[in-house]
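Report on the following structure.
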Amino acid sequence: MSGNFFIDITFWVVSFLIILGSFYVVTARNIFRGAIGLSFVFICVAIIFFLLNAEFLGVVQILVYVGAVSVLIAFAVMFIKDVVDGSKYSKYRLLSAFLCSFLFFVLIFISQVTEWNSMDSIENEDALAGLEGFYFEESESGSILIKKAEVLSDGVNKGVFINSTLSIGSSLISNFLIPLQVIGFILISALIGSLTIIRQRRKQ
Amino acid sequence: MPSTQPVTVNLGPQHPSTHGVFRMRVTFDGEEIVDVEPVFGYLHRGSEKLAEERTYTQVLTLTDRMDYVSSMLNNQSYILAVEKLANVEPSPRGVWLRMIASELQRIASHLVATGFLIQDLGALGTPLIYSMRQREYILDLFEMLCGARITNSYLRPGGVYMDAPEEFWPALDKVLLDVPHAFDELEELLSANEIIKSRTIGVSILSPESMVNASITGPMLRAGGVDWDLRHRNPYDFYDQINFHRPLHNSSDNFARFWVRIQEARESVKIIRQCIDKIEPGPVRPSFDEVPRLLRPPPGDVYSAIEGSKGELGFYLVSDGGIAPYRCHVRASSLINLTLLREMLIGELFNDLFVSFGSIDLNMGEVDR
Amino acid sequence: MDMIVENNIFRFIYCNLVNTNESCSDFGNFLGILPLGFEWLAFLISGFLLCFIYINGILGAVILSIWGERRLYGRFQNRSGPNRWGPMGVFTSTADAIKVMFKEDVVPVDADKFLFNLAPVLMVFPVFMVFSVIPVGIGTFVVDLNVGLLFILAVTSLSGLAVVIASWASGNRISIFSGLRAVAVLISYEIPMALSLVGVLMLSGTLSLNGIVEAQKIPFILLQPLGFVVFFLASLAEINRTPFDLTEAESELGAGYLNDYSSMKFGIFFLAEFAATIGASAVIATVFLAGWKGPEILPSHIWFGIKLILVLGLIVWVRMSWPRMRIDQILHLAWKGLFELTLINIIVTTIMISIKPDPSVNEMWIMAIINWVICIFSLIIVSKFLNRSVKDNFSNLKNTTPYPVGTEKIKSSFINKKEMVN
Amino acid sequence: MTLDSLLILSAAVFCIGLYGILSKTNIVSTIMSIELMFNGIIIAAVSFSRFTPSALLMNNSFDVSSFALNTALSGHVFGVFIISIAAAESALALALVFVMFNKKSSVDIVDFNELKG
């Protein structure tokens, strides 16, 4: 169980770093340092994704969040003045701290009380093979059947959690096709919208 | 545009591409230049004041150090002024020799200017080294003539210091064969490269009117279509016996300036060939009986100008009858060509700042003197 | 575990430490120093050793590549290049490294000291991470991620953050200029860079670099010429090489964001830059030139090295010959030129795959010819489109009328002799 | 690494982000806090998809098709959606920051109180 042990240790260390980094982001007076702390949190979250076998999501997290969003924020910080101690508290600081910690405990309580479905309760062996092990795909009268593979051979696929990229891709264009299109429209309208906002100022 | 605040940046005096020690306080709006304030004087050595303490021949060595990439031309301008002031009649062979030397220097200077354009555009030294290699051959010729490569002090009142050695003439022929090829190479580099063309054409345009008003001279003026060349308008030495074209361009942008320089260097090769044809044996300078080492010109003042590699290069000398000039003033072409720097740069991008600056082809030694 | 066991170096070290039956028995005899039950220790040690070997290999390659690049510069520029220290000057870079280490480490007064020191680290670690997924030979890699190509794109985008931090933390306006330019260029060029790889992904069907190498029956440069051109230019922009070296434009910004760095911090930036160049060449060699594949007269590592050096030489050649582009031209090229080219590439590849889902080698050659024709035509069209604004200004040169100044010759000779008044 | 610990982490990041939004007046800090909240949500989505099976897979009598397997990755897909939305949101928000800064040369939300009745 050496693998699990290392994964657990990494998880606890990284979670600690995430919470520490998040606190730094919301308390730092220097906005630029806050932005850098934010990108640190993003990287740590990507590590959590890697630990959860979500390689694709982890890589996208680094690509989009660290490579684009936090660089954009750092870029924006350069344009505003009073960066070094520009991040001030409002007068509701204590109230919001109380509210947020209350919400935090409520969330923990709910998550502990709720009985979540567990992976252990799956009894279908083919499903387990499809999720984490090796499996065959057999197409049979319109639906695809998953069979557990006993011997390793070329036609064997890895489980959806081990090789998630393929499955994410296929579900994006089958189950989630319409949300995908909507996301595309949102991205384009955001692009055009932000350009329009900037250009309107330029004319004046 | 209110959306961004202008940023003022200090560029220089220690900056890799200010062609010396030059300082500019540039105000940017984003990447666009909105204001330029040139600050110079970091290389001021008081040459004009020092000239008042030296004899007329010794002042020659100061002129070498002014524009150190075209010292032969500085020498020529100064010597012409002294000859006019002291009524010296030069000997013909000396004049032909100094014409050859000064045209060679013009080629060398234009090679440096063109090489540094491509360097300023961001090429990593390869074009610069190619043009510098060609310049080396010309400097070798100077070494044969006078023993020095850069600070020559070759000319004397009435001619030159000494005659060219035997091996000079075949070497000169070889260089004259090579130089047009080098310029073909450079011109191809300049006018066939998409990046260079798109970065220089239409950048930093100056109108001929403004250039004439600012008394800008030299290749910069001729790139704007003004046909003004002192070798043609006011022939000094034996330039009236020589046929040459004056290349003109009409767009007055960075590309035109360098195109004009390259064509001009080609014309220089033709001028040198004509000089070689016309040169005849004889003394290279009058004897010391006619022109003594210690000149004492009669009181008076004189202004004499030549067409230098960067524009009109003039010397104003005042004599009080003594062995040293009472006052020596230089009309430095680099300094006067700098006057329109602000007009050239405003509205351009940061990337083009040093390209436009380099297209003036200035030399800090001459600007600050 | 099964992913890592395919790795030859790792397996060699691991099996020499612990000789377990499952993964080691069918590959010959191993020492087995540690007793069974210490697999976790062997796992740690062999992982550490693997990374150690890799990082030192990269550092050695960087030192060698700096030397080789300088020698090449020398040849391009008609001079000898470094030749004093060691045979043919091999140790010049070593001497440089030692010199850099002993320089004084200056931190500017205005600098944000923590971030100023953090930036070199952030700059260098993504570069090493790029190498971790690249197979440099059969079974020679650190890890074979199933999202390898995307991982490379993600990790290289980190260097943009490092540049921003470095430029901001220096507290220097010229550095901030450099940082702003870097952000604009990096964010713009990430898009064509990622899109140019889509054709490769469609052909190979996998994101893993090992899978991409194995999928190349003929090198993808033949099947994806447009993708290659766009990826090459975009990676030049990502590693700040000429003609896209706006960030460190010596003739304008001095050294850009490196202005205030000295000593080993500067050395680390320098190292990261050259390592990034090697990394980009390695990615191009793997994705477009079939990586370690080649005729079996030479070992796979040698083939990879040859291809790497070829691409590196191409980058050096470009750097030596081309001047820098202006910032607006660079951004126009990304958005108006390369972006369209990638879309053309994707459409063409999609059509071809839908016609021939599983082509044989001969059919691939036909596809390659069609692709090259399309590539050349689209490049010509796009370059014409981009160059509409640039016109030759020789057209009206013949009928130039000189500006009417000084049309008559100067008659007086400027000489004015008079008595001096003392 | 269990579902419980991941949910606690997610809730913590979410609540810290909420605290940042409520307590800070600088708009850039607010945007950064929003990004933190997004991240907390993605952690929750991915961990649910990793540790809880969908009802389709729980059903033993159902044929395990690849459709059913893909539903196991809904959390990942939602993570991708959230990330893209966050990218669009941050671009738009930063454009707004520029505009606000030009208008009042300040990025403090306290200064933008023109809408109050």
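Results, tabulated for the structure shown:
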read-out: Test item: Cα-centred dipole of the protein assembly as shown, Lys/Arg +1 and Asp/Glu -1 on Cβ, debye; value: 2860
read-out: Chain C: angle of helix C:263-288 to the longest principal axis, Cα-based, in degrees nearest 10; value: 70
read-out: Karplus (6.51, -1.76, 1.60) ³J(HN,Hα), θ = phi - 60°, over segment C:200-205, in Hz, Gly and Pro reported as x; value: 4, 5, 5, 6, 8, x
read-out: Helix C:361-386 vs. chain C, principal-axis angle (Cα, 0 to 90°, nearest 10); value: 30
read-out: Chain D, relative contact order [Cα under 8 Å, separation at least 6], %; value: 28
read-out: Euclidean distance of C-alpha centroids, segment B:180-255 and segment C:54-74, integer Å; value: 44
read-out: Estimated vicinal HN-Hα couplings, Hz - segment B:209-222 in sequence order (Karplus 6.51, -1.76, 1.60; Gly, Pro = x); value: 4, 5, 5, 5, 5, 8, 6, 7, 10, x, x, 4, 6, 5
read-out: ³J(HN,Hα) computed for each position of segment B:149-154 - Karplus, 6.51 cos²θ - 1.76 cosθ + 1.60, integer Hz, glycine/proline x; value: 9, 10, 8, 6, 6, 7
read-out: Helix C:225-238 vs. chain C, principal-axis angle (Cα, 0 to 90°, nearest 10); value: 70
read-out: Inter-label distance, nm, simple model (7 Å from Cα along the C-beta direction), B:Thr55/B:Ser215; value: 3.3
read-out: A:Lys91/C:Asp110 FRET efficiency (R0 35 Å; Cβ-Cβ; nearest 0.05); value: 0.60
read-out: Segment C:83-235: proportion of alpha-carbon pairs further apart than 29 angstrom, %; value: 39
read-out: Cα-based Rg and Dmax for segment B:7-368, where Dmax is the largest Cα-Cα distance (Å); value: 20.2, 67
read-out: MRE, 222 nm, helices only [DSSP H, n ≥ 4, -39500 (n - 2.57), over chain B, to nearest 500]; value: -14500 deg cm²/dmol
read-out: Chymotrypsin sites (Phe, Trp or Tyr not before Pro) lying in DSSP loop within segment B:259-305, provided at most 16 other Cβ fall within 10 Å; value: B:Phe288
read-out: Distant-in-sequence amide H partners of B:Val203 (H built 1.01 Å from N, under 5 Å); value: B:Asn254, B:Phe255
read-out: Charge dipole magnitude, Cβ of K and R +1, D and E -1 - chain C, Cα centre, debye nearest 20; value: 2100
read-out: Kyte-Doolittle mean at least -0.5, axial Cα span of 27 Å or more - DSSP H helices of chain B; value: B:92-120, B:126-146, B:168-192, B:254-278
read-out: Label-point separation in nm, A:Leu20 to C:Lys217, each point 7 Å along Cα→Cβ; value: 5.4
read-out: Under 15 Å from the Cα of A:Lys147 - aspartates and glutamates, other chains or at least 8 residues apart; value: A:Glu123, A:Glu125, A:Asp126, A:Glu132, A:Glu137, A:Glu138, D:Asp63
read-out: Computed [θ] at 222 nm, deg cm²/dmol, chain D (DSSP H ≥ 4; -39,500 (n - 2.57); rounded to nearest 500); value: -25000 deg cm²/dmol
read-out: Descending semi-axes in Å of segment D:3-108, equivalent ellipsoid built from Cα gyration tensor; value: 38, 16, 6
read-out: Compactness index (Cα Rg / 2.2 N^0.38 Å), segment A:1-116; value: 1.28
read-out: Kirkwood Rh (inverse of mean 1/r, distinct Cα pairs), segment C:103-387, angstrom; value: 19.7
read-out: Across B:Lys84/B:Lys278; A:Lys148/C:Lys217; C:Lys217/C:Lys356; A:Lys148/C:Lys356, pairs whose alpha-carbon gap is larger than 27 Å; value: A:Lys148/C:Lys217; A:Lys148/C:Lys356
read-out: Cα Rg, Dmax (largest Cα-Cα span) when computed across the protein assembly as shown, Å; value: 35.8, 125
read-out: Residue range of chain C that is longest and free of GluC sites (Glu not before Pro) which are both DSSP loop and sparsely packed (at most 15 other C-beta within 10 Å); value: C:105-295
read-out: With 5 Å bins from 0: P(r) over segment C:250-307, alpha-carbon pairs, percent; value: 4, 17, 17, 14, 12, 9, 11, 9, 4, 2, 0
read-out: Separation between Cα centres of segment D:1-32 and segment B:31-80, rounded to whole Å; value: 67
read-out: Size of segment B:1-51 as Cα extents on the principal axes (Å, biggest first); value: 53, 20, 11
read-out: Hull volume in cubic angstrom per residue (convex hull over the Cα atoms of segment B:110-267); value: 139
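Bear in mind that the values in this text are calculations on the coordinates, not laboratory data. Computed from a predicted structure; not experimentally measured. With ideal geometry, Cβ positions are generated from the backbone for all residues, glycine too; neighbour counts draw on all protein chains shown.
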